[in-house]
Amino acid sequence: MLWMWGAVLLSLCAGAEMKARSCNEVRQAYNAKGFSLVTVPYQQITGDHLRVCSQEYTCCTTEMEDKLSHQSQLEFANIVQETSHFVRTAFTSCHRKFDELFKLLLENAQRSLNEIFVRTYGLLYTQNSEVFQDLFMELKRYYTGGNVNLEEMLNDFWARLLERMFQLINPQYHFSEEYLECVSKYIDQLKPFGEVPRKLKAQVTKAFVAARTFIQGLAVGREVINRVSKLSPNAGCIRALLKMLYCPYCRGLPTLKPCNNYCLNVMKGCLANQADLDIEWNLFVDAMLLVADRLEGPFNIESVMDPIDAKISEAITILQQNSMQVSGKVFLGCGQPKSLRSSRTLRSLSGRYIHFKPYSIHEKPTIAVGTSMDRLITEVKDRLKTSRKMWSDLPYSICKGDRITGRELNEEQCWNGHTKAPYLPEVMTDGLINQINNPEVDVDITRPDTFVRQQIMALRTATNKLKNALNGNDVNFQDTSEETSGSGSGSGCTDDICPTETDYITTEAPPFEPDRREFEYSTASAHRQSHLTLFLPFILILVRQWR
């Protein structure tokens with residue numbers, strides 16, 4: 001009997017010793033978090049009042065548990081933000097750099113065209129410069145998300161240019177607005193600018209569709225990361241965070257770090273909905289990379305915009321070289337215009353010469369070294385590649401950091417949710433559905449997060465539009481727009497497979513009397529020939545430099 005009483009006495013002494021265990025270490029750690037020590041006991045007390053942490057002897061009061069729970073939520077939000085910071089800033093930085101460079105390329109192309117055309121065409125250009133200004137304004141408006149149909153806009157540019165040029169090559173006639181509208185209707189049949197409009201349209205639409213889709217894709221990626229990384233934890237996650245991060249305080253073990261696998265299960269439960277983004281996110285990134293490849297190659301905006309002034313000059317040259325034939329066929333189809341001058345005035349026009357100053361290609365505005373589109377796209381692609389699997393990797397990135405599991409990973413000397421011992425449960429796989437048996441976080445797999453599902457749909461929509469852009473099909477990321485996806489600008493065809501315009505069909509034009517044709521050619525021939533004699537050589541300089 002004596003040994004039994006001895007055992008009881010030892011047990012009581014041990015209990016008294018456990019009950020009297022000091023909380024000094026906990027007080028120091030708690031105070032280091034910025035909390036007041038007023039409610040912190042000096043020695044362990046019974047834990048019947050605790051709702052999450054163990055109800056054995058503890059150093060935590062109810063107020064402490066509440067504050068530590070709030071603290072765990074703040075730290076979780078911060079560490080998710082910090083872990084996704086690199087990818088988030090990558091998308092933000094790439095969006096800003098691409099947008100700045102693209103707009104700079106547009107501005108340089110417009111400035112180059114204006115400077116060169118002023119020197120080359122002089123007053124003829126300045127009096128009609130709004131045609132070219134409107135072209136660049138509409139290109140910029142399209143790129144920035146405006147409701148612009150690229151194909152119609154480019155067709156309108158060439159039609160307006162034809163109307164202006166037609167008046168310049170026929171200054172002896174008066175043309176009403178109705179007559180000029182008739183002139184523009186013949187543009188497809190006459191091809192007054194040769195093949196330049198068709199080729200330029202194919203290049204511009206592909207480059208701008210790809211660029212606009214790409215910049216909007218970067219914006220989508222940036223916004224998805226911003227929104228999803230700020231999601232608040234649910235009730236099950238809040239309990240699990242407190243248990244993992246601060247219940248060691250209540251057990252008198254404030255320096256004890258969670259076991260790595262324990263951390264992974266908590267993070268996979270807390271970030272279960274975010275992990276479901278991974279499939280759509282990876283598809284989105286892959287589509288962005290494909291569009292980026294095109295921006296480096298056939299859709300390179302620099303190769304399209306830099307020589308646009310020379311291409312338009314080539315088109316003007318073609319029109320002037322064929323001005324007599326074009327005018328004759330227009331007069332045939334639209335009727336003989338009213339003459340403004342007498343035969344004496346017409347003869348006086350033949351002696352007037354317009355002087356043009358040739359330009360050097362070295363005078364073209366240049367972009368600063370190191371800011372080329374190819375170089376930037378390479379940088380963007382590298383950053384995009386690092387973002388793949390970011391949502392499924394998020395728990396691993398968080399748990400391997402110093403702030404949770406510590407620098408030295410020791411699965412024998414870590415917090416397993418109950419005490420200092422190895423963590424035995426298996427690590428869950430990724431995604432909401434796989435958390436049904438998560439031992440650490442109570443996850444309702446029947447109720448996916450609505451907000452995350454919306455982001456998944458946003459990524460899916462963006463991916464589809466990126467794929468359309470790869471085929472040259474115009475897209476619009478603004479779902480509220482009245483534009484229809486896939487309509488409008490890009491045809492997706494290449495120079496090799498695009499159907500050519502039909503040849504001019506003379507039977508469609510109304511008949512006219514032979515003497516009228518003779519009158520037209522005889523009265524205009526002298527002026528045109530004298531005008532082209534000096535005009536063409538300098539235009540050809542533009543074409544040779546472009547080629």
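Show the residue pairs that are 6+ apart or on different chains and have beta-carbon atoms under 9 Å apart, the first residue being within the range 41-64 and small (Gly, Ala, Ser), the second being open to solvent by 10 Å² or more (accessible area, probe 1.4 Å) and assigned to a loop (DSSP other than H, G, I, E, B).
So the pair list comes out as 47/54; 47/55; 47/56; 47/57; 54/251; 54/418; 54/419.
Restricting to helices (runs of 4 or more DSSP H) lying wholly in the range 235-345: which have 1 or more residues that are under 34 Å from the mean Cα position of the chain (by Cα), among the aliphatic types (A, V, I, L, M) and more than 30 Å from residue 159 (Cβ to Cβ)? Please lay out each step first, then the result.
Numbers: elements: 235-245, 247-250, 260-270, 272-275, 278-296, 301-305, 308-321, 323-334.
In the range 235-345, the matching helices (runs of 4 or more DSSP H) lie at 260-270, 272-275, 278-296.
Could you give every pair whose Cβ atoms fall below 7 Å, whose first residue belongs to the range 275-301 and is more than 23 Å from residue 372 (Cα to Cα), and whose second residue is part of a helix (DSSP H, G or I) and open to solvent by 60 Å² or more (accessible area, probe 1.4 Å), counting only separations of at least 6 or pairs across chains?
Pairs found: 280/460.
Using beta carbons and a limit of 6 Å, which pairs, at least six apart or on different chains, have the first residue in the range 197-212 and at negative phi and the second one modelled with pLDDT under 95 and of a type in the set (Lys, Arg)?
Taking only residues 6 or more apart or on different chains, the pairs are 200/311; 210/294.
Identify, by number, the condition in (1) under 23 Å from the mean Cα position of the chain (by Cα); (2) part of a helix (DSSP H, G or I); (3) farther than 27 Å from residue 325 by Cα that residue 202 doesn't meet.
Every condition holds for residue 202 apart from (3).
Taking the stated definitions as given, is residue 384 at pLDDT 90 or above, surrounded by fewer than 16 Cβ atoms within 10 Å (Cβ to Cβ) and more than 30 Å from residue 119 (Cβ to Cβ)? Spell out the reasoning first.
Working: at pLDDT 90 or above: yes; surrounded by fewer than 16 Cβ atoms within 10 Å (Cβ to Cβ): no; more than 30 Å from residue 119 (Cβ to Cβ): yes.
Judged against the criteria, residue 384 is not a match.
Hey, does the range 37-47 have a residue that's modelled with pLDDT under 95, farther than 19 Å from residue 253 by Cα, outside any helix (DSSP H, G or I) and open to solvent by 50 Å² or more (accessible area, probe 1.4 Å)?
Going residue by residue through the range 37-47, those that are modelled with pLDDT under 95 are 37-47.
Imposing the further condition that a residue be farther than 19 Å from residue 253 by Cα reduces the set to 38.
Filter once more, so that each one left must be outside any helix (DSSP H, G or I): 38.
From what is left, the residues that are open to solvent by 50 Å² or more (accessible area, probe 1.4 Å) are 38.
Yes, some residue in the range 37-47 is modelled with pLDDT under 95, farther than 19 Å from residue 253 by Cα, outside any helix (DSSP H, G or I) and open to solvent by 50 Å² or more (accessible area, probe 1.4 Å).
Which one is nearest to residue 463 (Cα to Cα) among residues in the range 295-320 that are open to solvent by 20 Å² or more (accessible area, probe 1.4 Å) and modelled with pLDDT of 90 or more?
Checked the range 295-320; the qualifying residue nearest to residue 463 (Cα to Cα) is 314.
Let's see how each residue does on (1) open to solvent by 60 Å² or more (accessible area, probe 1.4 Å); (2) outside any helix (DSSP H, G or I); (3) in contact with a helix residue (DSSP H, G or I) (Cβ under 9 Å, 6 or more places away or on another chain); (4) at pLDDT below 95:
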{"site": "91", "(1), (2), (3), (4)": "no, no, yes, no"}
{"site": "95", "(1), (2), (3), (4)": "no, no, yes, no"}
{"site": "104", "(1), (2), (3), (4)": "yes, no, no, yes"}
{"site": "113", "(1), (2), (3), (4)": "no, no, yes, yes"}
{"site": "120", "(1), (2), (3), (4)": "no, no, yes, yes"}
{"site": "136", "(1), (2), (3), (4)": "no, no, yes, no"}
{"site": "140", "(1), (2), (3), (4)": "yes, no, yes, no"}
{"site": "157", "(1), (2), (3), (4)": "no, no, yes, no"}
{"site": "164", "(1), (2), (3), (4)": "yes, no, yes, yes"}
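Can you go through 199, 206, 185 and tell me which one is more than 19 Å from residue 331 (Cα to Cα), basic (Lys, Arg) and either touching a Lys or Arg at 6+ places or on another chain (Cβ under 6 Å) or surrounded by fewer than 19 Cβ atoms within 10 Å (Cβ to Cβ) (or both)?
Details: 206 fails: either touching a Lys or Arg at 6+ places or on another chain (Cβ under 6 Å) or surrounded by fewer than 19 Cβ atoms within 10 Å (Cβ to Cβ) (or both); 185 fails: more than 19 Å from residue 331 (Cα to Cα).
Going through 199, 206, 185 in turn, just one is more than 19 Å from residue 331 (Cα to Cα), basic (Lys, Arg) and either touching a Lys or Arg at 6+ places or on another chain (Cβ under 6 Å) or surrounded by fewer than 19 Cβ atoms within 10 Å (Cβ to Cβ) (or both): 199.
Return the pairs, sorted by first residue and then second, in which the second residue is in a helix (DSSP H, G or I) and of a type in the set (Ser, Thr, Tyr), the first residue lies in the range 380-400 and is under 19 Å from residue 262 (Cβ atoms), the beta carbons are less than 6 Å apart, and the residues are 6+ apart or on different chains.
Sorted first by the residue in the range 380-400, then by its partner, the pairs are 397/83; 398/83; 399/405.
In the range 411-454, what count of residues is obtained for those that are under 35 Å from the mean Cα position of the chain (by Cα) and of a type outside the set (A, V, I, L, M)?
Let us first name the residues in the range 411-454 that are under 35 Å from the mean Cα position of the chain (by Cα), namely 428-435, 443-454.
Pick out the ones that are also of a type outside the set (A, V, I, L, M) and you get 429-431, 434-435, 444, 446-451, 453-454.
The qualifying residues number 14.
So residue 71 ticks every box in (1) modelled with pLDDT under 95; (2) of a type outside the set (Ser, Thr, Tyr); (3) closer than 24 Å to residue 266 by Cα; (4) open to solvent by 10 Å² or more (accessible area, probe 1.4 Å) but one. Which box is left unticked?
With respect to (1) modelled with pLDDT under 95; (2) of a type outside the set (Ser, Thr, Tyr); (3) closer than 24 Å to residue 266 by Cα; (4) open to solvent by 10 Å² or more (accessible area, probe 1.4 Å), residue 71 is out only on (1).
Applying the selection to the range 258-294, what residues are more than 30 Å from residue 204 (Cβ to Cβ) and of a type in the set (Asp, Glu)?
Taking the range 258-294 first, the residues more than 30 Å from residue 204 (Cβ to Cβ) are 258-282.
Residues satisfying the conditions are 276, 278, 280.
Looking at this structure, is residue 191 modelled with pLDDT under 90 and open to solvent by 30 Å² or more (accessible area, probe 1.4 Å)? Outline the logic, then answer.
Values: modelled with pLDDT under 90: no; open to solvent by 30 Å² or more (accessible area, probe 1.4 Å): yes.
Answer is no for this residue.
The values are calculated or read from the model by the stated rules, or taken from the named source; none is laboratory data. In this text, all values refer to a predicted model and were calculated from it rather than measured experimentally. Every residue, glycine among them, receives a Cβ derived from its backbone with ideal geometry; neighbour counts consider all protein chains shown. Please note that ligands, DNA and RNA were not included when accessible areas were found on the heavy atoms of the full protein model with its side chains. Shrake-Rupley method; radii C 1.70, N 1.55, O 1.52, S 1.80 Å.
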